[in-house]
Amino acid sequence: MKSLFFVALVIFAGWFVFHDRPAHWRGMPAPQEPVQTARDLPGAFHSGPYTIKPLATYAITAVVLSRDRYRNDRGAELAPIDLALGWGGMSIASVINELKISQGGRFYEYSYKEPPLDQHQIETHSANTHCMPANDEVRRALLDVKRHELVTMEGYLVEVTGDDGFHWLSSLTREDTGGGACELMWITHLTHRKI
């Protein structure tokens, strides 16, 4: 009898830990579009064996739809976390709850039974962001970010070139989808909070 109770407890604990809990806030916590400009950019700089070239200043406040930690791929030392972010209609809890959201292999994917928003709204108001912390303080904050928090990030969309020919390029539009559509962001400032 004890072993049956233990098995039931393990199953319940596993469901509690891994089950996607629904979003529960009211309203639209991230109503603004990301802000991107190409003015007053600093020159390229180095981070270890990589050259970082800012392509645009970028600031975003968004809901974290999902997060994924990377340790073993080529980009992990630069961008240890990818955040799938939603703003505008994609920051509304009832919309998010109608989507099945996943990340893997540096991609963000979603599916649904019935679209909770127009498809174009979903595509243009959510994005996968490869997050490159500019310093240890930002790195600590980034590693502490959780799903369904509101995050604000400032910095640059960048192009990265490695001494060995490695190349990683940010998207510069929210209108694209598929391969190459992710933002690659050098983050100089990051805050996050529960909604």
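The values are calculated or read from the model by the stated rules, or taken from the named source; none is laboratory data. Computed from a prediction, not measured in an experiment: that's the story for all the values here. Neighbour counts are summed over all protein chains in view; Cβ atoms, including those assigned to glycine, are modelled from backbone coordinates with ideal geometry. Heavy atoms of the whole protein, side chains included, go into the accessibility calculation; ligands, DNA and RNA do not. Shrake-Rupley method; radii C 1.70, N 1.55, O 1.52, S 1.80 Å.
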What number of residues in the range 104-115 are open to solvent by less than 40 Å² (accessible area, probe 1.4 Å) and free of Cβ contacts under 8 Å to residues at least 40 places away in the same chain? 1
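So if I check each of 169, 184, 143, which one is hydrophobic (A, V, I, L, M, F, W, C), farther than 19 Å from residue 32 by Cβ and loosely packed, with under 14 Cβ neighbours inside 10 Å?
Criteria check complete, one pass: 143.
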Has the range 49-58 got any residue that is open to solvent by less than 70 Å² (accessible area, probe 1.4 Å), part of a loop (DSSP other than H, G, I, E, B) and either modelled with pLDDT under 95 or under 30 Å from residue 159 (Cα atoms) (or both)? yes
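Condition check ((1) polar (S, T, N, Q); (2) outside any strand (DSSP E or B); (3) more than 27 Å from residue 96 (Cα to Cα); (4) in contact with a strand residue (DSSP E or B) (Cβ under 7 Å, 6 or more places away or on another chain)) across all residues:
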| position | (1), (2), (3), (4) |
| --- | --- |
| 142 | no, yes, no, yes |
| 158 | no, no, yes, yes |
| 168 | no, no, yes, yes |
| 191 | yes, no, no, yes |
Does residue 68 count as open to solvent by 10 Å² or more (accessible area, probe 1.4 Å) and either outside any loop (DSSP other than H, G, I, E, B) or among the aromatic types (Phe, Trp, Tyr) (or both)? yes
I want to confirm something. Restricting to the range 28-48 and keeping residues that are more than 30 Å from residue 92 (Cβ to Cβ) and of a type in the set (D, E, K, R), which single residue is most open to solvent (accessible area, probe 1.4 Å)? 39
Within the range 116-126, work out how many residues are out of contact with any helix residue (DSSP H, G or I) (no Cβ under 9 Å at 6 or more places or on another chain) and either within 24 Å of residue 168 (Cβ to Cβ) or open to solvent by less than 40 Å² (accessible area, probe 1.4 Å) (or both). 1
Verdict on residue 151 being among the β-branched types (Val, Ile, Thr), within 22 Å of residue 41 (Cβ to Cβ) and open to solvent by less than 20 Å² (accessible area, probe 1.4 Å): no
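Just give me the residues in the range 67-103 being hydroxyl-bearing (Ser, Thr, Tyr) and either more than 28 Å from residue 38 (Cα to Cα) or in contact with a helix residue (DSSP H, G or I) (Cβ under 9 Å, 6 or more places away or on another chain) (or both), in sequence order.
Residues satisfying the conditions are 70, 94, 102.
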Within the range 79-97, track down each residue that is crowded, with 23+ Cβ neighbours inside 10 Å and touching a Cys at 6+ places or on another chain (Cβ under 7 Å). 79, 82, 83
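Restricting the search to the range 104-132, which residues are within 23 Å of residue 32 (Cα to Cα) and in a strand (DSSP E or B)?
The answer is 108, 109, 110, 126, 127, 128, 129, 130, 131, 132.
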